[in-house]
Each structure stands twice: as structure tokens, then as C-alpha cells.
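First the structure, in the form of C-alpha cells, and then the observations on it.
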Amino acid sequence: MSESTVKKSGLVVLVGRPNVGKSTLLNAILKEEISIVTPKAQTTRDQVRGILNEDRGQIVFIDTPGVHRARDGGINAYMIQEVRKALDGPDLVLYLIDPASKEAAEQALLDHLKLADAPLVIVINKSDQRLKHPEQFAWIEKWIETCRTALEGTKCRLLGVSEIAAAKDVGVTELVDALFRNMPEGEPLFPETDILTDRPTRFVVSEMIRKQLFMKLGDELPYSCAVEIMSFKENEKPINIHAMIYVERDSQKGMVIGAGGKKIKDIGMGARKEIEALLGERIFLDLRVKVMEGWTSESEKMKHLGYVLEKGKSGARR
Ligand SMILES: Nc1nc2c(ncn2[C@@H]2O[C@H](COP(=O)(O)OP(=O)(O)OP(=O)(O)O)[C@@H](O)[C@H]2O)c(=O)[nH]1
Ligand SMILES: [Mg+2]
């Protein structure tokens, strides 16, 4: 085989605290909204894989939930479990840092990273903030050295540092170039089609509805919401989608529906626009709201919604 036909193939996982821009970076790399982005922390709840196919090879990126201290168990424990699973077996780890963070807040992440068995690149995101808030960046250099020392001699040694602004598409191409250089040679992990994620359309659609809940509901309410696609009739025109929004309490149901059904209509309209853009077809979206008490803490209810806590790791409060 001549050198030019040898292709790269690898798995890169994106980790970091909530809201640092992991999902924004995945979307910037794939030039499509694969993973939902909102201004609120802890938006991403599951691993989301994005597949980048190029002439030089294939990189599979895994977006993960933001690492926070999972004291509460339940859905929070599930999110941390998703991070831990993603750190098992990648070829490289991208550790994203938001300048607005600080050393103490990053410590929990370093503890997770020590368990990874792949080298690490620190990615300082939101570099566009340097002009407005240069003082925010002061802690980072020292933190990088702390990480370098802590990880020395382990499998997750620090390979390099990169500075980007994912939301502004600054430094993303250069980062991808560096990643390809560090990927092993090999056969692609997924078929080389133009499909950008291995997640089924149903999942992406439910995430787009969840995004609207994050965008349009008050501060804490989105964290009590989950979405289930009840039916998805692809053969009908327009495509008929029926989705259930679960909340934890009766009072929350009223807040999601809003006075005269105004809020749910607004959520539905926003979701419909995005889903139609994704599918390239008109849809009919029927949204309903139901109370599922304790779904964020009881493992059986979480499981019904696709958030499966593995045995022995149950974080359920009751
Ligand atoms: N100024 C600026 N904002 C950014 C940049 N990248 C992402 N953001 C914003 O940061 C916020 C969080 O972005 P996400 O991509 O959802 O962050 P995340 O790390 O995936 O968050 P979780 O899923 O909650 O862990 C959004 O409001 C983004 O628009 C950037 O380069 N510059
Ligand atoms: Mg995210």
C-alpha cells in the first residue's frame, strides 16, 4: 500500500465542566448541529457521537455531559457514568476549559482524567473573551502545569495545548489537523457515509425538543424535563411525530403548558422548525406533557426514559 492511501482512524472524546462549549465544538467540527447547545449548564445528558469522514481518514468524536459533583445520584450519576464510559478506550482526550472557570472547580475533572488511558490535549475555549476579560485567563497557565505534573508518567500525559473559539469557528480547523496527525492508522470504525452520527433520528428529534425546553423554560425547570418520542410516522406526509414531555410534579406541568397553552405552543413551534430543517421535510408535531414523579432519581423510571444506570452504580435516592 502506498503511503498516501494509508488512512487515519480514531476515537476522540470531549470532556470538560458544564457549559465550556463541548457540544459547540463537536458541531463546529461537523458543521452541523449534532449535539444540542444552550446557554444553560448541564444541557448534554448522554454521550453523543459525531463522525467526521475526510480523505485523510475518519475521526469519531464523543461529546459528553459536563463533569459536576454528582452528589444527588439519579440522573446526575447517569451523566457522570456517561463521562466515565467515554474515557474508557479513546485514542485521545480533548479536555475543554472555559476561562470563566477556576482551578478548584476543575479539580474533579482532573480526578476523572487520571483514569483515562489516552493522551490529552487541553483546549482553552472561548478565546474571543480575551479582549473583554483578559483577567479571566490568568489562572489557566498554572492549571495547565498542575495537570502536566499530575498526569506525568500516566497514560493520559499532556500532549499539547490549543486555544480556540468554537462558537466563532476560530482555531477549529487547526485543531482537527493536529488531531489527525495524532490518530493511529487504521480502518474506519463506522461506514464512510455522509451520516454524521450513529444516534437514530428519534434521539436527535427528542434532543431538539429538549433544547427548546432549555431555551424557553425558567432556570430550574428544564432539569426536571425528559422527552420520549411516542410515535414517529415517517411514511406520512407531513411526517407525524408524537412526543411526550415528562415533568416531576403537577405544578411543573402547568408551567410547561403555560396560560392558554401558549408556552407549549411556543416550544412546539421552535422544535418543529429545527426538526424540519434537520429532516428536510415538513412535520406535524404533537407535544403532550405528563407527570412522572421521581424520574430524575428512581432508576426504573430513568431506565424507561433511556437513562440506564449500570448495576452497582445506582445513584437513586430512594
Ligand atoms: N463566547 C463564546 N461562547 C461560546 C463559545 N463556545 C461555546 N460558547 C457558548 O457556551 C455555552 C455552552 O455551550 P455548550 O456547547 O452547550 O457547552 P457544553 O460544554 O456542551 O455544556 P454541557 O452540555 O452543559 O456540559 C453556549 O451559550 C455557547 O454558545 C466560544 O467560543 N465563545
Ligand atoms: Mg453539551
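The values are calculated or read from the model by the stated rules, or taken from the named source; none is laboratory data. For clarity, every value in this text was computed on a predicted model and none was experimentally measured. For neighbour counting, all protein chains shown are included, and Cβ atoms are generated from backbone atoms with ideal geometry for every residue, glycine included. These area figures cover heavy atoms from the full protein model, side chains too; ligands, DNA and RNA do not enter into them. Shrake-Rupley method; radii C 1.70, N 1.55, O 1.52, S 1.80 Å.
Across the cross-link table entries Lys7/Lys114; Lys132/Lys168; Lys211/Lys233; Lys114/Lys211; Lys290/Lys311; Lys132/Lys211, which are compared at the Cα atoms, the separations over 26 Å belong to Lys7/Lys114; Lys114/Lys211; Lys290/Lys311; Lys132/Lys211. Per-residue ellipticity at 222 nm computed for the chain from its helices equals -10000 deg cm²/dmol, with DSSP H segments shorter than 4 residues left out and the rest contributing -39,500 (n - 2.57). Taking the C-alpha atoms only, the angle from helix 74-86 to the longest principal axis of the chain is near 30 degrees.
Once you keep just the Cα pairs under 8 angstrom separated by 6 or more residues, what percentage relative contact order results for the chain? This gives 19 percent for the chain.
In degrees, nearest 10, range 0 to 90: what is the angle between the Cα axis of helix 201-216 and the longest Cα principal axis of the chain? The helix 201-216 is inclined about 80 degrees to the chain. Pair-distance distribution of the chain: all C-alpha pairs, bin width 10 Å, starting at 0; shares per bin in whole percent are 6, 25, 32, 25, 11, 2, 0. Which shape class, rounded, prolate or oblate, goes with segment 212-318 when its Cα gyration tensor gives a ≥ b ≥ c as root eigenvalues, a/c under 1.5 marks rounded, and past that a/b bigger than b/c marks prolate? Cα axes put segment 212-318 in the oblate bin. Of all DSSP-defined beta bridges confined to the chain, some 35% are antiparallel rather than parallel. Label zone of Asp219 (point 7 Å out along Cα→Cβ, amide N under 20 Å): in segment 12-44 this covers 18-20, 38-44. Which shape class, rounded, prolate or oblate, goes with segment 3-182 when its Cα gyration tensor gives a ≥ b ≥ c as root eigenvalues, a/c under 1.5 marks rounded, and past that a/b bigger than b/c marks prolate? It is rounded, given that a/c, with a ≥ b ≥ c, falls under 1.5.
Of the solvent-accessible surface of the chain, computed with a 1.4 Å probe and all protein chains present, 50% belongs to carbon and sulfur.
If you fit an axis through the alpha-carbon atoms of helix 262-279 and take the longest principal axis of the Cα set of the chain, what angle between them do you get, 0 to 90°, nearest 10? The answer is roughly 50 degrees.
Our estimate of slack between Lys273 and Lys155, defined as 0.36 nm per intervening residue step minus the Cα-Cα distance, is 38.0 nm. What is the Cα centroid distance between segment 130-161 and segment 49-95, reported in whole angstrom? Comparing the Cα centres of segment 130-161 and segment 49-95, I get a distance of 20 Å.
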